[in-house]
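The values are calculated or read from the model by the stated rules, or taken from the named source; none is laboratory data. Remember, predicted model here, so these are calculated numbers, not experimental data. With ideal geometry, Cβ positions are generated from the backbone for all residues, glycine too; neighbour counts draw on all protein chains shown.
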Amino acid sequence: MTRASLVVPIGSGLVFRFDPLPRPLHQRIEAFLAYFIHGAVAASGLPVEVSVGARAAAPLPRGRTVVEEPPLTVRQAGDQIFFELPRVLAWCDVTEGRGGLCLESPSDGELDLFIGLALVPMLIELGASRGWFGIHAAGVAVDGFGILLPGPSGVGKSTIFGNVHRAGHEVLSDDVVWLAPGEDGPRMVAFPRGAATRSVPWPTTTNIELQAIVCPEIVDHEDSVVSPLMLPDLVDVLVGQSGFLSSGAAAGDRFRALVRLGRSIPGYRLEAGRKRDDVPALLASLAPAAQA
């Protein structure tokens, strides 16, 4: 069994250091997080420092099962979360802001499963303890107006992301977006999938002020329509797409922060019809300047 640690202390900037890890894992994680390591986002001070070494052993999995989707099992005990995959055990403690990996000669496919199924939820849980929220969402900026598009798989996030990009507007991410504290309110920070799996346009902007939350849905009628979304429904979407796995104090803090976010940022529902060329214009119409 090869042991490795994933430690997230308080600090600024993101550092990802590899020590005695298998080279395939090194390559895959580096590809996934390359934008943070080498891109402009690293300079923005993401308050998560990640170091991978051989100095921490994973505790034994315990607690209740919260996800059972073979080959992934997720167990939760307070603020400690365990991710079990074939020959990979990952864990994190969201209160202490630290976690680890135990590897038992995993295959390349099993490492890909870890990155695809466990790494992002781990980073979301650990980032939340530093005031950064990972949301399952797309992020775009139409005429400089920052819009978060949260929702479960299949609602049309990537479709609208691509539509906005083809119209010549800025895009951040099509699947996961970080919300970071800013002087004038929360900012969206790009979190691309990584060079190894990139099948969508690379972000054209790294971060922008969040000014609207638009919950998309692909509908079977011709035209696209935007309508206001009230706070309870908006918070339901944000909570559902922020990857809650802990039920401890840290989860309560995150829930209250998402409620505050829903109260401070206008929310809308976008019904995207078959004719989507007008979607960028609809999104632009939500900007205060357009409504004045």
Candidates 227, 173, 246, filtered to the one that is outside the structural domain of residue 78 (by TED's automatic domain parsing), out of contact with any Leu (no Cβ under 6 Å at 6 or more places or on another chain) and within 15 Å of residue 137 (Cα to Cα): 173
Number of the exception - residue 263 against (1) assigned to a helix (DSSP H, G or I); (2) surrounded by 14 or more Cβ atoms within 10 Å (Cβ to Cβ): (2)
Going residue by residue through the range 237-252, is there one that turns out to be part of a helix (DSSP H, G or I), free of Cβ contacts under 8 Å to residues at least 60 places away in the same chain and not hydroxyl-bearing (Ser, Thr, Tyr)? yes
Got at least one residue in the range 269-282 being on the phi < 0 side of the Ramachandran plot, within 21 Å of the chain's Cα centre (by Cα), part of a helix (DSSP H, G or I) and without any contact (Cβ under 8 Å) to a residue 24 or more places away in the chain? no
Can you name every residue in the range 144-185 that is small (Gly, Ala, Ser) and either touching a Gly at 6+ places or on another chain (Cβ under 7 Å) or within 17 Å of residue 201 (Cα to Cα) (or both)? 156, 158, 162, 167, 168, 173
